[in-house]
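Q: Once you've had a glance at the structure underneath, I'll fire off some questions.
The values are calculated or read from the model by the stated rules, or taken from the named source; none is laboratory data. In this text the structure is predicted, and so the values were computed from the model without any measurement. Because the Cβ atoms are built from the backbone with ideal geometry, glycine has one as well, and the counts that use them run over all protein chains shown.
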Amino acid sequence: MSSTVSNFISKLDKLNSNNLEVFIPSQKKTVKVKSLNLKQQKDLISSVLDGIKGSLDFTKTLNKIIIDNSGLDDLKLYDKLPFIISMRKDSLGNEVQRDDSGKVELQKIIDSLKNTPFQLKDEKVVKYENLKIGLKVPTLKEEITLLTKSERDIDSKDDEFKDSVGTLYLLEIVKYIQSLEIDEEVIDMSVIRISERMKLIEKLPLAVYKDISKFIQGINKYERDVLTVDDYVVSINSIFFDSGSDE
């Protein structure tokens with residue numbers, strides 16, 4: 001690379017550096033964040049392929065961008081939205097297209113994030129007879145690690161991974177389960193293979209899924225409520241980051 005191009009890239013990096021402020025409801029503070037660049041937009045749009053791997057890759061790419069642009073590696077899953085909405089608004093404009101030809105103003109979502117009380121619990125223990133299930137909201141980095149391992153397992157020829165819908169359903173549960181304990185024997189889920197985690201999850205008594213789902217749905221409901229503007233729920237997908245999506 002020539003010195004001229006190298007110097008110009010450095011100037012472009014400075015242009016994108018820390019010129020956006022994002023309020024994090026869970027931490028009750030505002031942080032400086034880099035704006036999205038064209039490569040990041042390209043990575044988000046191109047990450048979505050057919051099937052389960054495209055969905056996993058989109059999530060991983062988005063997480064990495066949030067971590068890289070914020071410089072924060074302790075962000076939880078519920079911290080995504082402020083960064084996603086603010087970076088999209090800053091780079092591509094305040095409006096996104098609705099499915100019914102209307103438009104949504106992203107500033108309304110940002111205001112909702114600031115005004116909606118943050119009351120989510122970070123951890124929970126579900127008990128059933130002699131079984132204890134430790135639940136915890138993962139960080140973005142932990143989700144990246146889990147999804148990376150998942151992709152490797154999905155590349156295997158095991159029939160159990162051919163059902164993409166079922167795999168995504170199980171991964172959503174696995175994501176939040178930190179540990180299992182029976183009769184003082186404890187399994188740390190983070191140190192075993194994804195395929196093994198799924199086998200364990202599938203063997204859990206159906207009676208515990210109500211409490212597990214309630215924990216997960218609390219986060220999903222918070223996100224859905226914040227993303228709802230005038231009875232319309234904004235979807236976070238590759239189209240959301242398309243520069244032509246608000247035209």
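Q: Can you pull out the residues in segment 108-136 that are assigned to a strand (DSSP E or B) and of a type outside the set (A, V, I, L, M)?
A: Residues of segment 108-136 that are assigned to a strand (DSSP E or B), as a first pass: 123-128, 131-136.
Residues satisfying the conditions are GLU123, LYS124, LYS127, TYR128, LYS132, GLY134, LYS136.
Q: Continuing with the same structure: Quick check on my filter: what residues within segment 137-188 are at pLDDT below 70 and part of a loop (DSSP other than H, G, I, E, B)?
A: Selection gives ASP155, SER156, LYS157, ASP158, LYS162, ASP163.
To keep it simple, each residue is scored yes or no on (1) surrounded by fewer than 17 Cβ atoms within 10 Å (Cβ to Cβ); (2) at positive phi; (3) in a loop (DSSP other than H, G, I, E, B).
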residue	(1), (2), (3)
THR30	yes, no, no
SER46	yes, no, no
LEU62	no, no, no
ILE67	no, no, no
ASP73	yes, no, yes
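Q: Hey, can you tell me all the residues within segment 198-217 that are farther than 20 Å from LEU77 by Cα and of a type outside the set (Phe, Trp, Tyr)? Reasoning before the result, please.
A: In the first step, residues of segment 198-217 are kept if they are farther than 20 Å from LEU77 by Cα; the result is 198-210.
Selection gives MET198, LYS199, LEU200, ILE201, GLU202, LYS203, LEU204, PRO205, LEU206, ALA207, VAL208, LYS210.
Q: Going through ASP230, ASP246, ASP242 one at a time, which residue ends up being loosely packed, with under 13 Cβ neighbours inside 10 Å and either out of contact with any Phe, Trp or Tyr (no Cβ under 6 Å at 6 or more places or on another chain) or at pLDDT below 95 (or both)?
A: Working: ASP246 fails: loosely packed, with under 13 Cβ neighbours inside 10 Å; ASP242 fails: loosely packed, with under 13 Cβ neighbours inside 10 Å.
After ruling out the rest, the residue left standing is ASP230.
Q: Looking for whichever is loosely packed, with under 13 Cβ neighbours inside 10 Å and assigned to a helix (DSSP H, G or I) here; the options are LYS199, LYS210. Which one fits?
A: LYS210
Q: Can you confirm whether segment 91-102 contains a residue that is out of contact with any Ser or Thr (no Cβ under 8 Å at 6 or more places or on another chain) and in a helix (DSSP H, G or I)?
A: No: zero hits.
Q: Being among the β-branched types (Val, Ile, Thr) and surrounded by 14 or more Cβ atoms within 10 Å (Cβ to Cβ) is the filter; apply it to segment 178-196 and report the residue that is farthest from THR139 (Cα to Cα). Talk me through it step by step, then tell me what you get.
A: To start, the set of residues in segment 178-196 that are among the β-branched types (Val, Ile, Thr) comprises 182, 186-187, 191-192, 194.
Still in the list and also surrounded by 14 or more Cβ atoms within 10 Å (Cβ to Cβ): 187, 194.
Values: ILE187: 20, ILE194: 17 Å.
Across segment 178-196, the extreme among qualifying residues is ILE187.
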